[in-house]
Amino acid sequence: MVVDGATAALAALNLGWFTTVSQFLDSYTYILFLAIAFLLYLAYPRVRANRLKLVAFVISLVIAGVLAIGLKEMYAQPRPCAELLGDLKLASCPTDYSFPSGHTTFAFVFAGASLGTSFFPLFILLSILVAMSRIYLGIHTLNDVAGGMVIALSVYFAVETCLRNLFPQLIPRKERELLPKVQLAVEKVEWKSGFAFEVRRRVAHVTFGTIIIALIYFLGRAKTELLLMMALFTGMTFMHLRMERKRALLIDELFELLERPMVMPAKGAFMYVIGALLALAFLGDIDKVLAVIAILAFGDGAATLAGKLVSSGPRLPHNPEKTLAGAAAFFAFGSAAAYPFVGVVAFPVTLICAMVETLDLKIDDNLLVPLAATIIFSFI
């Protein structure tokens, strides 16, 4: 196992106060987070009233925990302290496997569940602190904590989305009353801007993916992971401000330029970053990582535009909202973009991703597509 520079640099620091904090979090993260959540549940009626978040939170904790434990056994990566005992700031190096970080997974479920509530600043800061402490103690790498974050956030928002669609009665009354207004705003934007609006969004979609590919080429895996994690924290902060109806200079204008109105603003961009981090954290072969991001950027980007251009064309029988032209464009552009990185294997992988993208799974394509591609590449 190779320990990246960012991990080694943070672990090599010797800060007395942070050592104490990190050792405390190593022992008491689970108790601390659960105790805070329980106190908030008792003290604030609105927490008890939001059944959607409560149910999604409990289910996500269980699923994310099971996934973290199972993936540790599957990947079987040794702890960094097994190689760098000099950086260890605990009495002994843990004997279980390293990837992904269970503490980070647990903490970021709380961060995801609190997004858009007044408790988000507390939980996101505590979660970042937990993630940093795992690296600082010398018992996890940057990739380990990135994997934990991806599991926690993708599981929570996938579960919440499924519950929202399957059990709409769980949605808080105020939010249910807001949904028709959101839908009206979406229709107004699409009517006013039409195809030009979708072109802007798809250009941004492809550009973002191209930038991530360039960052990996020029900066490497670890630095790109770090930048994407920082982008994720910053993005969640701005999303939270927008959900709380607080003004953010220039950010609001950017959201309005590229994003459809929705209850969770910038959801597409948020899932895009998680999807890219998913590939970076879970795939060891960097060419496969680049192929996943290329399929997401060019395949998914082309599918939406083709669907808009040929909206009167044949529809897919299992999902009438998707067009045959969109699926064909996904395959053509996605496989062409991934081919330089992985060769002919790009064609079957992109074909499966194109088929998955047409399914009505209620999960954002920016997460679903890289998830499908990462799983496939993991077994190739």
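Full extension of the segment from D285 to T19, taken as 0.36 nm per residue of separation minus the current Cα-Cα distance, would add 92.4 nm. When peptides 288-300, 155-167 are ranked by their average number of other Cβ atoms within 10 Å per residue, the highest-first order is 288-300, 155-167. Pairs of Lys residues in region 192-380 that lie 8 or more places apart, or on two chains, and have C-alpha atoms under 20 angstrom apart add up to 7. Compute the acute angle (0 to 90°) between the alpha-carbon long axis of helix 173-219 and the principal axis of greatest extent of the alpha-carbon atoms of the chain; round to the nearest 10°. Orientation of helix 173-219: about 70 degrees from the principal axis. A simple spin-label model places the labels of V199 and R173 4.7 nm from each other, with each point 7 Å out along Cα-to-Cβ. Our note on the geometry: Cα centres of region 359-376 and region 314-336, 15 Å apart.
For the chain, the cysteines with no partner cysteine C-beta closer than 4.7 Å are C162, C353. The alpha carbon gyration tensor of region 192-380 gives principal lengths a ≥ b ≥ c with a/c of 1.5 or higher and a/b no greater than b/c, which makes the shape oblate.
Using the Cβ atoms and a cut-off under 12 Å, what net charge is assigned to the surroundings of T374, where Lys and Arg are +1 and Asp and Glu are -1?
Result for the local shell: 0.
For the chain, the equivalent ellipsoid built from the Cα gyration tensor has semi-axes of 34, 27, 18 Å, listed from largest to smallest.
Contact order, relative form, for the chain: 16 percent (alpha carbon pairs under 8 Å, 6 or more residues apart, mean separation divided by residue count). Short-range pairs are left out: with C-alpha atoms under 8 Å and at least six residues apart, the relative contact order of region 1-171 is 34 percent. The angle separating the long axis of helix 346-357 from the principal Cα axis of greatest extent in the chain is about 80 degrees. Taking 0.36 nm per residue of separation and subtracting the Cα-Cα distance, full extension of the segment from F379 to A49 would add 114.5 nm. For region 339-345, backbone phi angles converted through the Karplus equation (6.51, -1.76, 1.60; θ = phi - 60°) give residue-by-residue couplings of 4, x, 8, 10, x, 5, 5 Hz, Gly and Pro being listed as x. Counting only alpha carbon atoms, the long axis of helix 16-43 and the longest principal axis of the chain meet at about 60°.
Simple rule: put +1 on each Lys or Arg Cβ and -1 on each Asp or Glu Cβ in the chain, find the dipole, and look at G326, T117, G70; the Cα lying farthest toward the positive end is T117.
Rule-based calculations on the coordinates, nothing more; no lab input. Everything numeric in this text was worked out from a predicted model, so none of it was measured. No Cβ is skipped: glycine too gets one built from the backbone with ideal geometry, and neighbour counts run over all protein chains shown.
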